[in-house]
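Notes follow the structure.
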Amino acid sequence: MLVVLVEVQVKPEAVEAFRKATFENARLSLTEPGIARFDVLEQQGEPSRFVLVEVYRDEAAPAAHKQTAHYAAWRDAVEPMMAAPRTSTKFHGVFPDAAGFGR
């Protein structure tokens with residue numbers, strides 16, 4: 001499993017629009033065979049800071065995700081909403097073991 005944490009700081013006036021676009025992207029992402037989980041987190045006390053938790057079944061799934069129409073629509077829609085460029089950090093799931101992770 002590959003887990004990607006995407007950190008996003010949104011302009012305060014764009015929070016609602018960002019939520020709407022991101023929820024739609026997350027909902028459609030969960031229909032992809034390579035995605036085991038897709039969470040949208042909002043920082044307590046700081047509603048303009050988000051973390052997307054993307055759990056992929058294999059190393060090829062992120063590239064496949066980035067080829068989807070819903071990802072492209074999300075990327076283009078939220079780019080002007082960001083107060084700073086988004087960042088991502090990749091992790092390998094180690095517990096539970098890879099065979100059971102994401103079940």
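Scanning the stretch 29-58 for residues that are free of Cβ contacts under 8 Å to residues at least 24 places away in the same chain, under 21 Å from ALA69 (Cα atoms) and of a type outside the set (Asp, Glu) yields LEU30, THR31, PHE38, VAL40. All conditions but one from (1) in a strand (DSSP E or B); (2) in contact (Cβ under 8 Å) with a residue 40 or more places away in the chain apply to HIS70; the one that does not is (1).
Within this structure, GLU16 fails the test of being among the charged types (D, E, K, R), surrounded by fewer than 16 Cβ atoms within 10 Å (Cβ to Cβ) and part of a loop (DSSP other than H, G, I, E, B). Scanning the stretch 59-81 for residues that are farther than 19 Å from ASP39 by Cβ and either loosely packed, with under 15 Cβ neighbours inside 10 Å or among the charged types (D, E, K, R) (or both) gives GLU59, ALA60, ALA63, GLN67, ALA69, ALA72, ALA73, ASP76, GLU79, PRO80.
Results for (1) within 15 Å of GLY93 (Cα to Cα); (2) in a strand (DSSP E or B); (3) of a type outside the set (D, E, K, R), shown as yes or no for each residue.
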{"site": "VAL4", "(1), (2), (3)": "yes, yes, yes"}
{"site": "THR22", "(1), (2), (3)": "no, no, yes"}
{"site": "ARG27", "(1), (2), (3)": "no, no, no"}
{"site": "GLU32", "(1), (2), (3)": "no, no, no"}
{"site": "ARG37", "(1), (2), (3)": "yes, yes, no"}
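Quick one: count up the residues across the stretch 19-50 that are within 16 Å of THR87 (Cα to Cα) and surrounded by 15 or more Cβ atoms within 10 Å (Cβ to Cβ). Residues in the stretch 19-50 being within 16 Å of THR87 (Cα to Cα) and surrounded by 15 or more Cβ atoms within 10 Å (Cβ to Cβ): 6 in total.
Restricting the first member to the stretch 78-103 and to residues that are closer than 13 Å to TYR56 by Cα, and the second to residues that are surrounded by 10 or more Cβ atoms within 10 Å (Cβ to Cβ) and modelled with pLDDT under 80, the beta-carbon pairs closer than 6 Å and six or more apart or on different chains are GLY93/PHE101.
The values are calculated or read from the model by the stated rules, or taken from the named source; none is laboratory data. Owing to the predicted nature of the structure, the values given are computational and were not obtained by experimental measurement. Glycine also receives a Cβ, built like all others from the backbone with ideal geometry; neighbour counts cover every protein chain displayed.
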